[in-house]
1. Return the residues of the stretch B:87-112 that are under 12 Å from the mean Cα position of the chain (by Cα), of a type outside the set (D, E, K, R) and within 14 Å of chain A (Cβ to nearest Cβ); say none if nothing qualifies.
2. How many of the residues making up the stretch A:31-46 are facing chain B (nearest Cβ under 10 Å) and farther than 25 Å from B:His7 by Cα?
3. Wholly within the stretch B:9-93, which strands (runs of 3 or more DSSP E) include no fewer than the required count, namely at least 2 residues that are open to solvent by less than 30 Å² (accessible area, probe 1.4 Å)?
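The values are calculated or read from the model by the stated rules, or taken from the named source; none is laboratory data. Please read these numbers as outputs of a predicted model, since none were measured by experiment. Cβ atoms come from the backbone with ideal geometry, glycine included; neighbour counts cover every protein chain shown. To get the accessible areas, we keep the full protein, side chains included, count just its heavy atoms, and leave off ligands, DNA and RNA. Shrake-Rupley method; radii C 1.70, N 1.55, O 1.52, S 1.80 Å.
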Amino acid sequence: NAGVTQTPKFRVLKTGQSMTLLCAQDMNHEYMYWYRQDPGMGLRLIHYSVGEGTTAKGEVPDGYNVSRLKKQNFLLGLESAAPSQTSVYFCASTLQGTRQETQYFGPGTRLLVL
Amino acid sequence: GENVEQHPSTLSVQEGDSAVIKCTYSDSASNYFPWYKQELGKRPQLIIDIRSNVGEKKDQRIAVTLNKTAKHFSLHITETQPEDSAVYFCASRRVGGQNFVFGPGTRLSVLP
C-alpha cells in the first residue's frame, strides 16, 4: 500500500513549456485534490475531483487543467508555464464520508519555471 | 467564501514549555477542523482533528479546543520536544463540503 504518490519529484521548465504532474493513490479514495504551496501562504487549492470523470475549480485554478479519467489517478497540467507557477505542488486524497475526512498527502513535486 | 486566519506566524519556545497556535474561521457552517504538521521538505500529515459537536480533544501531548461561538480553534502542545519543530497548519471544512480551507501556517521552533 503506497498511499499517495506523485511524479515527478522535481522539474525545471522554461517559460511557455508544458508539463503534466501525475498523482496516484491506491486507497480507493473518491476525492482527490491538487494544492500549491508557496512560502507564507499555506496550501491553496487549485482543482479537485469528487469522483472519476469529475473535476472542479478551487481557489487558484488559472493556468492549470486537470483530468480524472481513472479513479486512482489525478493529473495536473500546465499548458504554458509561467514563472509565477514556481511552487511546490501537493496532491491529496480522502475517502468520501462524514467520518472519513482525513486528507492523505503525496510527497510533493517541486517545480521551477525559468 | 471561507477564510481561515492563523496566529502567530512564527513561535519559538524552550524545550519543555507549552505552545499554543490559534485559528479563526469565518464560515459558521464549518464543522470539521483538522491540524497538520509539516516537517521541512516533507508532506503535511494529520496530527489531530475536532468536529463541531465537541469542545476539546486530546491525544497525549497535543490537544485541540474549539469555541464555536467565537469561531476559533486552537492547538495546544505540552512538554514540547525538539522533534515538535515544524510548520503547523489548521484547516476547516463546512458541512457537506467537498474541500478544505487552510490557514497560512505557523512555524514552531523548539529550542533545546
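1. Initial filter on the stretch B:87-112 (under 12 Å from the mean Cα position of the chain (by Cα)): B:87-92, B:102-108.
From what's left, of a type outside the set (D, E, K, R): B:87-92, B:102-106, B:108.
The answer is B:Val87, B:Tyr88, B:Phe89, B:Cys90, B:Ala91, B:Ser92, B:Phe102, B:Gly103, B:Pro104, B:Gly105, B:Thr106.
2. Qualifying residue count, the stretch A:31-46: 2.
3. Numbers: elements: B:10-14, B:19-25, B:30-38, B:45-51, B:56-59, B:62-67, B:72-77.
Passing ranges, in order: B:19-25, B:30-38, B:45-51, B:62-67, B:72-77.
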